[in-house]
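Everything below concerns the one structure shown next.
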Amino acid sequence: MPHDDRVTLPSLPSLTSLPATEHPDLVAAPVAAALAAWPGAAEVAVVGIDPDLADTAAMSEAYDIPMTAGGNCVVVAGARAGEERVAACVVRADTRADVNTLVRKMLDVRKASFLAMERAVAETGMEYGGITPLGLPDGWRVLVHDALLDEPVVVIGSGVRRSKLLVPGRVLADLPGAEVVPDLGR
């Protein structure tokens, strides 16, 4: 009997999982490029969703997904001595990123705030509500909430509102440039 080396894709009962690397049409262009270059992408699934349900709470309710399985990505920036420092923070959806204390200290800035929506969309090449830690601009830090690593499946953005990526939680630690941060979400 031949041996099957394929990886089992993460899945949720209410959504149809497809291999993300085989469906670049379902993700934003920078995300497709990042998936193509990342060895961990073999364990990433993409699922189509109603774009009107892309916001975490609406999606969780409509597709019966626990909030603990959601990974929200927010982009935060601050400056020190004229140098801007940007980080994408991925936190469990039932928490909020600790921007004012933890992220501010990690960026070593006096004040950290959310990047303006228009700028975040323009610089990432992703849609608002779909920004994800894969395919971000060079130089941006990727901070991952440690609580997500224990989740069997984490739902994150795909760069567009009409789909989501499903990732085994442990794989988030292997995202390009990822820094796992205890208590990033509170």
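Just so you know, all these numbers are worked out from the coordinates, no wet-lab data involved. Fair warning: this is a prediction, and the values are worked out from it, not measured in the lab. No Cβ is skipped: glycine too gets one built from the backbone with ideal geometry, and neighbour counts run over all protein chains shown.
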Quiz item: 222 nm [θ] for the chain, helices only, -39500 (n - 2.57) per DSSP H run of 4+, per residue, to 500?
Solution: -4000 deg cm²/dmol
Quiz item: Counting only residues 5 or more places away or on other chains, whose amide H sits under 5 Å from the amide H of V44 once H atoms are built in the peptide plane?
Solution: A20
Quiz item: Taking the chain as a Gaussian network, Cα atoms linked when under 10 Å apart, which of M67, M126, M117 shows the biggest mean-square fluctuation?
Solution: M117
Quiz item: How high is the relative contact order of the chain, given as a whole-number percent (alpha carbon pairs under 8 Å, six or more residues apart)?
Solution: 27 percent
Self-check item: Gaussian network model of the chain, Cα within-10 Å springs - most flexible of A58, A29, A120
Solution: A58
Quiz item: Amide H to amide H, which residues 5 or more places from A79 or on other chains are under 5 Å from it, using H placed in the peptide plane?
Solution: R85, R110, K111
Self-check item: Which of V31, G185, A54, positive extreme of dipole for the chain (C-beta unit charges)
Solution: G185
Quiz item: Using the alpha-carbon centroid of each, what span in Å lies between the range 4-36 and the range 167-186?
Solution: 19 Å
Quiz item: So what are the ³J(HN,Hα) numbers for the range 23-40, from phi and the Karplus equation (6.51, -1.76, 1.60; θ = phi - 60°), rounded to whole Hz, Gly and Pro as x?
Solution: 9, x, 5, 9, 10, 5, 3, x, 6, 4, 5, 5, 4, 5, 9, 9, x, x
Quiz item: Shape call for the range 89-156 from the C-alpha gyration tensor, a ≥ b ≥ c root eigenvalues: rounded (a/c under 1.5), prolate (a/b greater than b/c) or oblate?
Solution: oblate
Quiz prompt | Debye intensity ratio I(q)/I(0), log10, the chain, q values 0.08, 0.16, 0.17 Å⁻¹ (C-alpha model) | solution = -0.23, -0.93, -1.05
Quiz item: How large is the charge dipole for the range 87-134, taken about the Cα centre, if only the Cβ atoms of Lys, Arg (+1) and Asp, Glu (-1) carry charge, to the nearest 20 debye?
Solution: 280 debye
Self-check item: Net charge of Cβ neighbours under 11 Å - reference A81; Lys, Arg +1; Asp, Glu -1
Solution: 0
Quiz item: Among 97-108, 150-161, what's the highest-first ranking by average C-beta atoms within 10 angstrom per residue?
Solution: 150-161, 97-108
Quiz item: With charges set only on the Cβ (+1 for Lys and Arg, -1 for Asp and Glu), what does the dipole of the range 12-169 come to about its Cα centre, in debye to the nearest 20?
Solution: 640 debye
Practice problem: Enumerate the amide H contacts of V142 below 5 Å, restricted to partners 5 or more residues apart or on another chain; note that Pro and chain-start residues carry no placed amide H. | Solution: A88, E179
Quiz item: What is the antiparallel percent of DSSP beta bridges lying wholly in the chain, to the nearest 5?
Solution: 70 percent
